[in-house]
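Undergrad: Shown below is the structure under consideration.
The values are calculated or read from the model by the stated rules, or taken from the named source; none is laboratory data. The structure presented is a predicted model; accordingly, all values stated were derived computationally and were not measured. Cβ sites come from the backbone with ideal geometry, for glycine too, and all protein chains shown count toward neighbours.
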Amino acid sequence: MDKPVVTNRALFADALAGLRADPKRMNPKWFYDHAGSALFERITELPEYYPTRTELSILRREVDTLSTCIPEGAALVELGSGASTKTRVLLDAIRGLRAYVPIDVSGDFLRDVASDLDRAYPGLRVAPLVGDFLGDLDLPTEIRSLPKIAFFPGSTIGNLEPAEALNLLRRVRAWPEVSAFILGLDLVKEPGILKRAYDDSAGVTAAFNHNLLLRLNREAGGTFDVDTFGHEARWNAEFERIEMHLVSKKTQEVSLGGFSIQFSKGESIHTENSHKYNQASIARAAAEAGWAVDVFLTDERRLFGVAILRPF
């Protein structure tokens, strides 16, 4: 038998620890290889997946309200900026911004996006920062003395455990000259709407979840048979979160880098949480980190929220 090939030692070590845990789990950051990122872009366009288009509609409708929290000469600092698609709504409408600092872990992609923004917004200082927004960030020297507005759209805060979310709010509160935090939040709602958003009829979210197993096979010496694992989206009412799971359809043994992993029928790998908020719960978390909810914006159906936090 050929020796299993492990090309991504960090993924292998993290996966082995998670799959040996009880219950089994994986860190959702491993979703986002090239194929996973492409699948997620497809998810954002699905009819069942309301967050992206709903948040964009709020930003476009309320851009004048948002502009009131951005002082003249400020720097807009975006956490996990990706393609900066939603940010362009603000950059197109708000005058007087001195700088834009997109922060992302994907350096090459980040630099490409920053080059595009440089050309699209002459006069705006675009200062990309490669880094993990959950860790310590060394903000560019040229923006340290400027008023700062943190921007964290996309409900990504919901993918963080409550302690992680609180820690992030505290880290941003500690930035020098921070004057506001614009935060996107998926709201608690009827569970059927949530489950359909994470288990769409076209099977794109299932493919996104299954791609994690394909990545383990390719980069961590895995022997997963993807067809023997089902995709499930579960609403956990106690913790107000949607959970994504990969559920073994049978009792089976899988190898990971030469190490045996046993699955019983019905046993799952917990791959992601997406915590949902309401105005009261984000206000409590914000207050614990030194913020007050100044403005809370939502759509007519109250599917999604955009909170403007102010430091106190």
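Undergrad: For residues that are within 24 Å of Asp294 (Cβ to Cβ) and free of Cβ contacts under 8 Å to residues at least 60 places away in the same chain, tally how many sit in segment 130-143.
TA: 2
Undergrad: Tell me, please, whether a residue that is more than 16 Å from Pro153 (Cβ to Cβ), assigned by TED's automatic domain parsing to the domain that holds Leu124 and either in a loop (DSSP other than H, G, I, E, B) or touching a residue at least 40 places away in the same chain (Cβ under 8 Å) (or both) can be found in segment 50-69.
TA: yes
Undergrad: Among the candidates Asp104, Asp92, which residue alone is without any contact (Cβ under 8 Å) to a residue 24 or more places away in the chain and either under 28 Å from Asp299 (Cβ atoms) or within 21 Å of the chain's Cα centre (by Cα) (or both)?
TA: Asp92
Undergrad: Further question on the same structure: Do you know which of the residues in segment 12-49 that are part of a loop (DSSP other than H, G, I, E, B) and touching an Asp or Glu at 6+ places or on another chain (Cβ under 9 Å) is modelled with the lowest pLDDT?
TA: Restricting to residues being part of a loop (DSSP other than H, G, I, E, B) and touching an Asp or Glu at 6+ places or on another chain (Cβ under 9 Å), the top hit is Asp33.
Undergrad: Tell me, which residue of segment 1-46 that is closer than 12 Å to Ile269 by Cβ and basic (Lys, Arg) is farthest from the chain's Cα centre (by Cα)?
TA: Arg20
Undergrad: Are there any strands (runs of 3 or more DSSP E) wholly within segment 235-312 with 2 or more residues that are surrounded by 17 or more Cβ atoms within 10 Å (Cβ to Cβ), hydroxyl-bearing (Ser, Thr, Tyr) and touching a residue at least 60 places away in the same chain (Cβ under 8 Å), and if so which?
TA: Hits in segment 235-312: 268-275.
Undergrad: On the given criteria, is Ser115 free of Cβ contacts under 8 Å to residues at least 60 places away in the same chain, assigned to a loop (DSSP other than H, G, I, E, B) and either of a type in the set (Gly, Ala, Ser) or at positive phi (or both)?
TA: no
Undergrad: Go through segment 41-60 and report how many residues are touching a strand residue (DSSP E or B) at 6+ places or on another chain (Cβ under 8 Å) and loosely packed, with under 14 Cβ neighbours inside 10 Å.
TA: Residues that pass the stated criteria total 0.
Undergrad: Is it the case that Ala127 is loosely packed, with under 15 Cβ neighbours inside 10 Å, free of Cβ contacts under 8 Å to residues at least 60 places away in the same chain, touching a helix residue (DSSP H, G or I) at 6+ places or on another chain (Cβ under 8 Å) and farther than 18 Å from Thr156 by Cβ?
TA: Here the answer is no, as Ala127 does not meet what is asked.
Undergrad: Here is a further query. Find all pairs meeting these conditions: Cβ atoms under 9 angstrom apart; at least six residues apart or on different chains; first residue within segment 19-45 and free of Cβ contacts under 8 Å to residues at least 24 places away in the same chain; second residue hydroxyl-bearing (Ser, Thr, Tyr).
TA: Partner pairs satisfying both residue conditions: Asn27/Thr271; Tyr32/Ser106; Ser37/Ser106; Thr44/Thr52; Glu45/Thr52.
Undergrad: Quick one: in segment 133-174, which of the residues that are of a type in the set (Asp, Glu), more than 22 Å from Phe304 (Cα to Cα) and out of contact with any helix residue (DSSP H, G or I) (no Cβ under 9 Å at 6 or more places or on another chain) is surrounded by the fewest Cβ atoms within 10 Å (Cβ to Cβ)?
TA: Result: Asp138.
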